[in-house]
Structures are given as C-alpha cells and as structure tokens.
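Trainee: Before I ask anything, let me first share the structure, which is written out below as structure tokens.
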Amino acid sequence: MRIMRLLLPALLAAALWGPGTAGAEDDPCLCRDMIVTCTATPGTVVLGDPFEFCATVKSVGAVPLENVRLTITGCLNTSAEADQKLEIIIPRLAQGETATHCVRFRCNQVGECRLTAHGVDSTGIAASGCICTAFCKGLPALQLEMIDTALDRSPAGIFRLGETFMYRLQVENDRGSALTPDMVVQFTLPPELEFVGGRADGAVTVSGSGLAATSSVFVLRPGQVIRMEFECKVIKVPTRSLVQARAVVVAEPGAHELAVETESTTLRR
C-alpha cells in the first residue's frame with residue numbers, strides 16, 4: 001500500500017505533462033505564440049505626403065517571448081523616411097504584453113501600396129505577420145486664365161453700353177499627377193452685365209441667366225485643357241467704369257472651391 005501511495009503522484013504527473021517534462025513552461029510548441037497587427041494612418045494620402053505605418057506585437061502564450069525580431073516592409077510606391085528603422089529587436093514580452101513600432105513612409109507613386117509587418121522570436125517557434133493597405137492618390141494642379149475679348153475673339157478691354165462681348169476662360173490640369181474630381185465652373189457677373197450665352201469644348205455645356213452661369217460637370221486628366229466662353233451684354237455703366245467678373249471651379253459633390261480667377265473690364269457710355 002505504501003508503494004502504491006508513492007507511485008500515484010508520479011503517474012498522475014506523467015499523465016498530465018508527458019514523459020520527461022516538468023510542466024507546460026518547458027513545452028516550446030504549445031506555449032510560445034504571438035499576434036502581429038498593423039495600421040496605416042491615414043489610409044489614403046496625397047502623392048509626396050507622409051503617412052505612418054504601425055505594427056503591434058502581442059505575446060499570447062504562457063512562456064515569455066525573448067528577442068522578438070520585428071521587420072516592416074514597404075512597397076514600390078513608398079519609401080521610408082531617412083531616420084526610420086525598418087527592423088527592431090524587442091527584448092522580452094510577457095504573456096499579454098504588447099510592443100508597438102511605427103515607421104513614417106512617403107508616397108512616391110500613385111496607386112495602392114501593401115505594407116507588411118512580420119515578427120519572430122529567438123527560437124523561431126512563435127511567429128506572426130500582417131498586411132495593411134495604403135492608397136497614394138495624385139494631386140490635380142488646376143490653372144485658370146480668363147480674358148475679356150470682342151465677339152470675334154480679338155483683344156479688347158473697353159466695351160460700351162449695349163455692346164455684347166465675351167469672357168474666355170481656360171481651365172488646365174497643369175502638371176497634375178492625377179485625374180481631377182468631378183468639377184463645374186460657376187461664373188458670376190457684376191450687376192452692370194447680363195449673361196447672354198455660352199459654350200465650351202467637347203460635350204461640356206454652359207447655361208445661365210442674369211448675373212450667373214454654370215458649366216456642366218467635367219473632369220481633366222493631367223495636362224488636359226478645356227476652354228469656355230461666356231457672352232455678356234453691357235446693360236449699364238458704373239460710376240468708376242471698372243467692373244469685375246469671377247469664375248470659380250468647384251468640386252462636385254460638396255461644391256468646395258478648387259480654383260478662382262477674376263477679370264476686370266472697363267465699361268463706357
């Protein structure tokens with residue numbers, strides 16, 4: 001009976017932990033583990049601007065992780081800023097403990113970018129990785145130019161009461177790196193002028209009445225130009241002779257201003 005009493009604890013330990021094992025802490029296969037998660041902030045960034053990619057390593061096993069190597073990899077669309085470390089060593093992570101490392105990247109090319117983070121401990125048993133996506137968008141560079149001319153498009157800066165003339169507007173995506181958003185031109189006249197009619201390149205139309213006119217929606221690819229003409233009639237002459245017309249390019253929807261151009265005109269009796 002005494003022998004049986006001595007053997008029972010040993011047999012029970014062997015059944016629970018396996019032969020030659022003191023406990024779960026010595027089992028590298030079951031007790032070392034990690035999770036790596038990552039974020040890109042902001043997720044969409046303008047070409048040339050920086051964004052931050054952060055990777056977090058969490059120890060989720062019963063055995064602490066030692067000397068975790070965390071490696072961050074960018075993509076062809078981006079480059080890490082000069083002072084940033086793409087690989088670090090985390091000395092120790094206890095169960096439930098986390099460590100985060102962030103790298104600043106800069107967009108070099110328009111398009112989607114997939115960034116990765118990978119962690120592995122010193123034994124090579126615990127490993128994890130993640131992928132995040134950032135999108136580098138281009139920037140339209142709108143250039144506006146507006147002049148006043150006679151109806152035959154010849155240069156003229158002075159117009160008389162009852163005369164009809166035109167404002168000629170050119171909108172260009174000048175050296176931009178991306179297609180513009182949907183846009184319209186909002187044209188506004190001073191009270192001394194009245195809108196008569198308008199036209200534009202391609203399928204773009206111009207409509208309005210009184211002191212205002214608006215184009216239909218259009219977009220411009222990099223380097224593309226669109227020309228519009230707004231015919232106006234002089235209905236009265238101001239005391240100081242000089243009046244000003246205004247053209248605003250706004251994004252649709254939302255109608256926030258992208259570019260503004262004005263042109264001053266002299267009116268005489």
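We did not get these values from a lab; they are worked out from the coordinates using the rules stated. Keep in mind the model is a prediction, meaning the values are calculated, not measured. Virtual Cβ from ideal backbone geometry, glycine too; neighbours counted across all protein chains shown.
Trainee: Quick one: net charge around CYS136, please, counting Lys, Arg +1 and Asp, Glu -1 for every other residue with C-beta under 11 Å from its C-beta.
Mentor: Working: positive: ARG106, LYS137; negative: ASP49, GLU112.
Taking every Cβ under 11 Å from that of CYS136, the sum is 0.
Trainee: Suppose R0 equals 51 Å. What FRET efficiency, 1/(1 + (r/R0)^6) with r the Cβ-Cβ distance, do GLU257 and ALA62 give to the nearest 0.05?
Mentor: Computed FRET efficiency for GLU257 and ALA62: 0.30.
Trainee: Would you be so kind as to identify which of ALA99, ALA141, LEU161 lies farthest towards the positive end of the dipole of the chain, taking Lys and Arg as +1 and Asp and Glu as -1 on Cβ and the Cα centre as origin?
Mentor: Toward the positive end, the furthest listed residue is LEU161.
Trainee: Okay, next question. From largest to smallest, what semi-axes in whole angstrom does the chain give when each is the square root of 5 times an eigenvalue of its alpha carbon gyration tensor?
Mentor: Those come to 75, 16, 13 Å.
Trainee: Full-extension gain between GLN143 and GLN244, please, as 0.36 nm times their residue separation minus the C-alpha to C-alpha distance.
Mentor: Values: separation 101, 0.36 × 101 = 36.36 nm, distance 1.92 nm.
In short, 34.4 nm is gained.
Trainee: Follow-up. Just add up the charged neighbours of ILE89: K/R +1, D/E -1, any other residue whose Cβ is under 12 Å from the Cβ of ILE89.
Mentor: Within the 12 Å Cβ shell, the charges total 0.
Trainee: If you don't mind, there's one more thing I want to ask. Nearest 0.05, what FRET efficiency do THR214 and CYS102 give at R0 = 35 Å with Cβ-Cβ as r?
Mentor: Step by step, r from the Cβ atoms, then E = 0.15.
Trainee: For the range 142-268, with the dipole built from +1 on Lys and Arg beta-carbon atoms and -1 on Asp and Glu ones, taken about the Cα centre, which of ALA178, GLY210, VAL237 lies farthest toward the positive end?
Mentor: VAL237
Trainee: In deg cm²/dmol, rounded to 500, what helix-only [θ] at 222 nm does the chain give when every DSSP H run of at least 4 residues adds -39500 (n - 2.57) and the total is split over its residues? Please list the in-between numbers first.
Mentor: Numbers: 2 runs with 20 residues, N = 269.
Helix-only estimate at 222 nm: -2000 deg cm²/dmol.
Trainee: To continue, here is another question. How do the peptides 79-88, 35-44, 193-202, 180-189 rank, highest first, by the average count of neighbouring beta carbon atoms within 10 Å per residue? Working shown, then result.
Mentor: Numbers: 79-88: 12.2, 35-44: 15.2, 193-202: 17.1, 180-189: 19.5.
The densest-packed peptide leads the list: 180-189, 193-202, 35-44, 79-88.
Trainee: For the residue pair ARG227 and ARG69, what label-to-label distance in nm results when each label sits 7 Å from Cα along the Cα-to-beta-carbon direction?
Mentor: Here the answer is 6.4 nm between the modelled labels.
Trainee: Another question, then. Quick check on the exposure proxy: order ILE131, ILE147, ILE72 from fewest to most C-beta atoms within 10 angstrom.
Mentor: Listing ILE131, ILE147, ILE72 from fewest to most nearby Cβ atoms yields ILE131, ILE147, ILE72.
Trainee: Give the relative contact order (percent, whole number) for the range 142-268; include only Cα pairs under 8 Å separated by 6+ residues.
Mentor: The value is 32 percent.
Trainee: How charged is the neighbourhood of ASP49? Take every other residue with its Cβ under 12 Å from the Cβ of ASP49, and add Lys/Arg as +1 and Asp/Glu as -1. The partial results should precede the final answer.
Mentor: On the way: positive: ARG104, ARG106, LYS137; negative: GLU52, GLU81.
Residues near ASP49 contribute +1 overall.
Trainee: Now, a different point. If I stretch the segment between ARG92 and ASP174 completely, what's the gain in nm (0.36 nm per residue apart, minus their alpha carbon distance), one decimal?
Mentor: Here the segment from ARG92 to ASP174 would lengthen by 24.2 nm.
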